[in-house]
Amino acid sequence: MSKGHDGSAARPRMGGTTAPFHTLDPVDSAVLDKALDLLAAPASERAWNSFFADHPVLQNRLGSTSTDALIELDDATVLFLLAMQRMEDGSRLEVADGRHIERFGRFPSEDGCLLTYLLAWMRPTQGLEVEHDHLASLLLRLSQGIDNDHPNAAEGAGGLRLHGWLSTDDVRDLRTLLMGRCWTVSAEEPLDGGMRDAVMHLTALLRGAERRRVGLLHRSHA
């Protein structure tokens, strides 16, 4: 990881097709981890009944008798509905203000993804390669951990795309490493100030998630 990732997908966007909008949604990472394990295993009504017994508040999120809905819904939709953290009134919980959400959502790189831009143009500081590799591993997990490790839960109905996630501890670690000195900017970075802006907006989202004690789920949609 010490040499960084290929920057071909993170160059400035020059027009053409519109990139998807990316979001970092607040999630209960313990619920997400358990749901991923259950979705990856052979279907077991007993295991799911035990899950819902441990999390009764989630019983109504799937829109019908919970174990019946598991048959009707795709894995990505099940994961998204179960893991999302909401306000007490059921409304969406935001972790940052609209400016940071919008900038993260449509970053001006070829694929529109701020996370792949960071991975492409971030380089290790000499002597801090171990810390940099940990930083890169967290960015990779958030960027594409579901794509790589749980592809069955990556695509859902209506254009739903789940890419990766971080636990509450990972959120804290990533924010700390981004604010530290283990990385520097590649001299070939294509966007003037792009890395600075990317870190600023991502850090705002991480700080908000940390303050609310939630994990984060990376999602995109057209």
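The values are calculated or read from the model by the stated rules, or taken from the named source; none is laboratory data. Note that the structure is predicted; figures quoted are calculated from it, not measured. Please note: Cβ atoms are built from the backbone with ideal geometry, for glycine as well, and neighbour counts cover all protein chains shown.
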- [ ] Please state which of the following conditions residue 143 fails to meet, knowing it meets all the rest: (1) under 15 Å from the mean Cα position of the chain (by Cα); (2) farther than 23 Å from residue 193 by Cβ; (3) crowded, with 20+ Cβ neighbours inside 10 Å.
- [x] (2)
Task: residue 70 being outside the structural domain of residue 182 (by TED's automatic domain parsing), without any contact (Cβ under 8 Å) to a residue 24 or more places away in the chain and closer than 26 Å to residue 30 by Cβ - done: no
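So that you can scan it fast, the table gives a plain yes or no per residue for (1) of a type outside the set (Lys, Arg); (2) part of a loop (DSSP other than H, G, I, E, B); (3) buried (at least 19 other Cβ atoms within 10 Å of the Cβ); (4) touching a Cys at 6+ places or on another chain (Cβ under 8 Å):
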position: 33; (1), (2), (3), (4): yes, no, no, no
position: 49; (1), (2), (3), (4): yes, no, no, no
position: 77; (1), (2), (3), (4): yes, no, yes, no
position: 80; (1), (2), (3), (4): yes, no, yes, no
position: 123; (1), (2), (3), (4): no, no, no, no
TODO: State which residue pairs qualify: first residue in contact (Cβ under 8 Å) with a residue 60 or more places away in the chain and inside the stretch 118-130, second residue part of a strand (DSSP E or B) and hydroxyl-bearing (Ser, Thr, Tyr) in any location, beta carbons under 6 Å apart, and separation of 6 or more residues or different chains.
DONE: 123/184
Open item on the list: Being farther than 30 Å from residue 190 by Cβ, out of contact with any helix residue (DSSP H, G or I) (no Cβ under 9 Å at 6 or more places or on another chain) and at pLDDT 85 or above is the requirement here; does residue 92 meet it?
Closed with: no
- [ ] Take the stretch 35-47 and flag every residue that is modelled with pLDDT under 85 and in a helix (DSSP H, G or I).
- [x] 45
- [ ] Can you confirm whether the stretch 146-168 contains a residue that is in contact (Cβ under 8 Å) with a residue 12 or more places away in the chain, part of a helix (DSSP H, G or I), of a type in the set (D, E, K, R) and crowded, with 20+ Cβ neighbours inside 10 Å?
- [x] no
